[in-house]
Amino acid sequence: MTENDNHLLAVSERYRVLIAHTEEQLIAAQRLRYRVFAGEWQARLHNRIPELDHDLFDPFCHHLVVVENATGQVVGCYRLLPPSGARAVGERYAESEYDLTRLKGLNFVELSRASIAPEHRNGAVIALLFRGLAAYLARHQIRYLFGLASFPYHGGLDAVLAQYWQLRRRHEAPIEFHVTPWRRIEPMPLAGVEPAPCPPLILAYLSAGAWIAGDPTIDPDFHCVDFPVLLDAERLSPRYRRHFVRPALLGQAA
């Protein structure tokens with residue numbers, strides 16, 4: 001088995017997704033994260049290395065990167081904290097915002113720091129990221145994905161909350177999977193408020209069969225509202241199961 005066999009998760013005509021396995025790939029992902037979060041979101045990052053987004057969780061995570069085949073550039077990334085990494089670091093990233101007690105018995109990987117370069121924000125990259133996630137779950141025999149899906153509120157907090165309640169009515173998790181924010185958002189009148197357009201990545205989670213697993217909270221450093229999202233690989237929608245899970249289980253990269 002070659003190095004690519006060990007790390008490659010999926011490929012398409014224009015891109016490939018793999019687990020970062022060199023320092024160069026990791027730094028490229030951290031630079032992309034900085035570009036997106038500090039540059040576009042104006043987030044307050046607590047980084048010590050200029051123009052890189054990094055924190056104490058990075059060394060304990062697997063980093064999925066989307067690479068453009070023609071240029072070799074990292075144009076998308078995900079950070080995955082597996083159960084072994086969470087035990088080593090002593091906590092989950094989301095625990096600064098949520099009480100995760102109800103999830104402690106689940107075998108889950110935690111998603112964070114999803115980033116896609118602006119010029120590559122298309123359905124192909126998002127689809128490939130999900131194919132990579134499906135392959136990762138199959139390879140590591142992990143059933144659940146959990147993460148905080150970020151929804152910028154520059155268009156108005158009320159508009160984001162109006163969208164949240166619409167989505168929650170259709171995609172709410174069973175109560176036994178609910179997590180609780182440490183800081184709740186105060187209720188506000190939403191009658192007549194036009195819901196904000198939902199970010200494509202959140203729509204992709206929900207289309208795949210993910211649940212919204214509790215109330216939202218505000219992340220003041222990233223100027224966004226966070227939605228807790230939980231995906232059970234055993235209840236993936238037929239569309240995602242057909243296109244993503246089967247190739248992953250067969251070890252294919254087509």
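Every number here is computed from the coordinates shown, using simple stated rules; none is lab data. Nothing here was measured: the structure is a model prediction, and the numbers come from that model. With ideal geometry, Cβ positions are generated from the backbone for all residues, glycine too; neighbour counts draw on all protein chains shown.
Summary of computed values
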item	result
Long-range HN-HN contacts of A196 with modeled amide H, under 5 Å	V160, A162, Q163
³J(HN,Hα) computed for each position of the range 144-159 - Karplus, 6.51 cos²θ - 1.76 cosθ + 1.60, integer Hz, glycine/proline x	10, 10, 9, x, 9, 7, 8, 10, x, 10, 5, x, x, 4, 5, 5
Efficiency of FRET between Q73 and H21 - r from beta-carbon atoms, R0 22 angstrom, step 0.05	0.85
Nitroxide proxy distance, nm - points 7 Å out along Cα→Cβ at T101 and Q42	3.8
Added length on full extension, which subtracts the Cα-Cα distance from 0.36 nm per residue, D55 to D221	58.4 nm
Within a Gaussian network of the chain (alpha carbon springs, distance under 10 Å), most fluctuating of A233, A162, A208	A162
Mean Cα-pair separation over length for the chain, i.e. relative contact order, pairs under 8 Å, 6 or more apart, %	21
Which of M188, Y144, A162, positive extreme of dipole for the range 132-227 (C-beta unit charges)	Y144
Ordering of 16-24, 178-186 by burial proxy (mean other Cβ atoms within 10 Å per residue, highest first)	16-24, 178-186
